[in-house]
Amino acid sequence: MNPKLSFFALGGVGEIGKNMYVVQYEDDWIVIDCGSKFPEDDLPGVDLVIPDVSYLVENKDKVKALILTHGHEDHIGGLPYVLKQLSLPVYGTKFTMGLVRSKLEEAGILNRTLLHEITERTELRIGGFDVSFFRASHSIPDCVGIVFKTEEGTIVHTGDYKFDLSPVTEEAADLHRLAEIGKSGVLALVSESTNAERPGFTPSERNVGRHFAEVFQSARGKVVVATFASNVHRLQQVIDAAFASERKIALLGRSMVNVVRIASELGYLQIPDRLLIEPAEVMNLPPDRVALLCTGSQGEPTAALARLARNSFRQVEIAPGDTVILSATAIPGNEKTLSRIIDDLFKLGAKVIYGSGSQTGMHVSGHGSQEELKLMIHLMRPKYVIPVHGEYRMLYQHRLLAEAVGVEQDRILIVENGDVVGFRDGAAEVTGKVQAGPTLVDGLGIGDVGNLVLRDRRSLSQDGILIIVVTLHKSQGTLLSGPDLVTRGFVYSRESGGLLSEATDIAARTIRDMGEETRNRNAVKQKLKDNVGRFLYEHTQRRPMILPILVEV
């Protein structure tokens, strides 16, 4: 097959986060989303994980545009890094662009990035694509799905969605528009799979507001709500509950302050006059007249909720009788740190409302469950289904759902990041593979932390380091002073004097036994690592990183 039309993912398949997808028609490429995700425990020191865009950089003349489905970090978080490598026009809805502008301004690249604002009614001609959009309900305003129409057929990317028929705002999914798209013919449906394992329908966001109202009215102390800052619908319901219960609201956390500012300026948040107060004013008001809206619902150690739990937030304290609401579900991997924060809050005497949204009523997902995924397929009536945005088990479950509504098994394509799905004459198959994977961001470095660096970091975190400092005669290679041993994270020097003394003797003997070989400095370092390392492992069953430092005099 020599396809004119193709699709591939650089991130977001087999994982949750760092979404990035590409549709390609002949020599015209369009990128969908540019996300990031937080590193897992096996990536010590890494700040962020973004998609590997080296394949796009190699073909930058073909890449015509980047279109954003919505403003969550797993869809826009990689922009400041990727746009430094690729100069692309970026398309997104009003609220999405508000978040993007703030992000790019902070990165210092706003002035050299071309931004285009769209709505669900926008129609674009980009290369060989006719691009249109449809409104989607999600846990952030202004979400869209994207329709890519070509002479070879139509590819639809759903973005993140659920079918909330009674949303907080007027952003219900446009079922009529979806049906029209399906009626006109869809070659491939690229659909998210996050909640493919959950039966039924995802509850409406409006349900959360009712539970907020009850707690805000009955609570005797301060009410603290921790949630995702980007969930503007949730923030509005907290604001409404606070206003109805005559409570002032203080915002805690940089991202919370930033999102509330952007959302209110753009008209997505309606905040009554004088409702917001500064954190410094909280302790001057009666506890039952205060609410706190804060970040940290995933247990982030530096976020506002964690600092409140440690009693280290300078201006605000949790007191006995306060109520803390965790209005989010823990992302897999965050459970342990979040549990620790909940324990600390209980120790401070707070009443903590936590757990699954179905138990507490304080959270609903922004992603469609099984019946909604099936409804999307019914409406679109695609020839092929490509599940994305989920771990493999979710993609697999999505395949079973597609089969249940009549899609033939060989027309449901579970792919990996980098797999290229080619389309020609109405048929689809995996036609190749491109470079895809994670790029690690560490401080100002992008992609400069590789497997060797990570291996060293893991070694340091497990068994520490032993530094051997030796002074040698520059020309003769004889030992002039030392060896001196310095340890960090291996053993406590004062209590392990005998062990380190023997290791020092072994290091000195190693150099003396090498004779003239000491003129080969690399050989000296390797011999010290081997002999001292073998001794230490025999006596401690540990393998510290050994770093010989040779000083020549």
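The values are calculated or read from the model by the stated rules, or taken from the named source; none is laboratory data. Note that the structure is a prediction, hence the values are computed from the model and not measured. Backbone-built Cβ (ideal geometry, glycine too); neighbour counts: all protein chains shown. With ligands, DNA and RNA removed, areas are computed over all heavy atoms of the protein, side chains included. Shrake-Rupley method; radii C 1.70, N 1.55, O 1.52, S 1.80 Å.
Listing for the model above:
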item: Qualifying residue in the range 155-163 (condition: in a loop (DSSP other than H, G, I, E, B), of a type in the set (Lys, Arg) and under 26 Å from the mean Cα position of the chain (by Cα)); result: no
item: Residue list for the range 383-426, restricted to those being surrounded by 14 or more Cβ atoms within 10 Å (Cβ to Cβ), closer than 20 Å to Tyr161 by Cα and charged (D, E, K, R); result: Glu391, Arg399
item: From Glu171, Glu180, Glu214, residue being part of a helix (DSSP H, G or I), under 24 Å from Tyr91 (Cα atoms) and among the acidic types (Asp, Glu); result: Glu180
item: Single unsatisfied condition, Asn284 versus (1) free of Cβ contacts under 8 Å to residues at least 60 places away in the same chain; (2) surrounded by 14 or more Cβ atoms within 10 Å (Cβ to Cβ); result: (2)
item: For Met20: the one exception among (1) touching a Pro at 6+ places or on another chain (Cβ under 7 Å); (2) more than 21 Å from Arg393 (Cα to Cα); (3) at pLDDT 95 or above; result: (2)
item: Conditions (1) part of a strand (DSSP E or B); (2) open to solvent by less than 40 Å² (accessible area, probe 1.4 Å); (3) not aliphatic (A, V, I, L, M); number of the one not met by His75; result: (1)
item: Matching residues, the range 242-266, being within 19 Å of Leu305 (Cβ to Cβ), part of a helix (DSSP H, G or I) and touching a residue at least 40 places away in the same chain (Cβ under 8 Å); result: Ala242, Arg254, Ser255, Met256, Asn258, Val259
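Residues are listed down the side, and each one gets a yes or a no for (1) within 45 Å of the chain's Cα centre (by Cα); (2) part of a strand (DSSP E or B); (3) over 23 Å from Leu472 (Cα atoms):
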| site | (1), (2), (3) |
| --- | --- |
| Ile506 | no, no, no |
| Thr510 | no, no, no |
| Glu517 | no, no, no |
| Leu528 | yes, no, no |
| Leu536 | yes, no, yes |
| His539 | yes, no, yes |
| Arg542 | yes, no, yes |
| Leu547 | yes, yes, no |
| Leu550 | yes, yes, no |
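Yes/no matrix, rows are residues, columns are (1) open to solvent by less than 50 Å² (accessible area, probe 1.4 Å); (2) aliphatic (A, V, I, L, M):
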position: Asp160; (1), (2): yes, no
position: Phe163; (1), (2): yes, no
position: Arg177; (1), (2): no, no
position: Glu180; (1), (2): no, no
position: Arg210; (1), (2): no, no
position: Ser218; (1), (2): no, no
position: Thr227; (1), (2): yes, no
position: Ala244; (1), (2): no, yes
